[in-house]
């Protein structure tokens, strides 16, 4: 299934969401083939409607593309050499708000997965891009910021040496084991596959999702009595402070939480598992250090 951005709606094709999530990876090396007109029209249509996440905050997105003869124009946007031959970029602008970064992560990841379903490669860029150049392309307003952009294009047959090195350095193909991420009732008891039951697949799609520097900051506690999944952010020590001071980066671990919420919701919808987001913090006892509540998914609604 490929999904529409409107809450609860989607359009269908022959590809399940789980396959699209598994197929997506951070592609940094593209061939020089432009995005064709049908792909571009489909993606632009999706971007125009995909503007609101679970918290109700607003974001807007713009696709910037170039023909083969105009490839050098994209280089002026600046990605510090980490992206080779992209056919374009998805630029995202988040309007100021208390949960704007979570909703930005949610909506941008939906757009990325939609592009993946069209057969395109993508790569999140949260720090390695020149913000001023992209700001001009999207006509950034005073009450907006650009937390991240996404490279997009046709995947090259072979990865560049730089890409291979970056993926190795970030441990891009490894993920934390589920017992470090998912819990039952409190943080003291890991959630076993048997206890997760039909929700194993949505949880696994969260586990394998992308995150800044592959830190995987999401933690989920399933409350067995009322069948609710509580999402928490467990911060990487000094990660955000360092990135803000040194690179002026947005709080990307909040963006990561939006990505996790996106993967969980769209997978559940694809499997026919009903539920809705709630935002009332539960009392589950003492939380681990550097951990705070984000949202809850109430199943069966």
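Starting from 0.36 nm per residue, how many nanometres of slack lie between residue 195 and residue 226 once their C-alpha separation is accounted for? Walk me through the numbers on the way to the answer.
Details: separation 31, 0.36 × 31 = 11.16 nm, distance 1.36 nm.
Taking residue 195 through residue 226 to full extension adds about 9.8 nm, to one decimal.
Compute the length gained on full extension between residue 37 and residue 51: take 0.36 nm times their separation in residues and subtract their Cα-Cα distance, giving the result in nm to one decimal. Intermediate results must be reported in sequence, preceding the final value.
Details: separation 14, 0.36 × 14 = 5.04 nm, distance 2.26 nm.
Stretched out fully, the residue 37 to residue 51 stretch lengthens by 2.8 nm.
Report the full-extension gain for the segment residue 96 to residue 179: residue separation times 0.36 nm, less the Cα-Cα distance, to one decimal in nm.
Details: separation 83, 0.36 × 83 = 29.88 nm, distance 3.52 nm.
Taking 0.36 nm per residue and subtracting the Cα distance, the gain is 26.4 nm.
In segment 272-301, whose amide N lies under 15 Å from the spot 7 Å out along Cα-to-Cβ of residue 237? List them in ranges.
288-291, by backbone N distance to the label point.
Highest mean first, what order results for 55-61, 236-242 on Cβ atoms within 10 Å? Walk me through the numbers on the way to the answer.
Details: 55-61: 19.3, 236-242: 13.1.
Those peptides, ordered most packed to least, come out 55-61, 236-242.
Using the Cα gyration tensor of segment 212-301, with a ≥ b ≥ c the square roots of its eigenvalues, what is the shape: rounded (a/c below 1.5), prolate (a/b larger than b/c) or oblate (neither)? Could the numbers behind the result be given before it?
On the way: a/c = 3.02, a/b = 1.66, b/c = 1.82.
Oblate, since a/c reaches 1.5 and b/c is not below a/b.
If packing is taken as the average count of other Cβ atoms within 10 Å, what order do 250-262, 279-291, 112-124 fall into, highest mean first? Could the numbers behind the result be given before it?
Details: 250-262: 25.5, 279-291: 11.2, 112-124: 22.4.
Descending packing order for the listed peptides: 250-262, 112-124, 279-291.
Any read-out appearing in this document is the output of simple, stated calculations on the displayed coordinates, not a laboratory observation. Keep in mind it's a predicted model, so treat the numbers as computed, not measured. Counting neighbours? That spans all protein chains shown, and the Cβs are built from the backbone with ideal geometry, glycine included.
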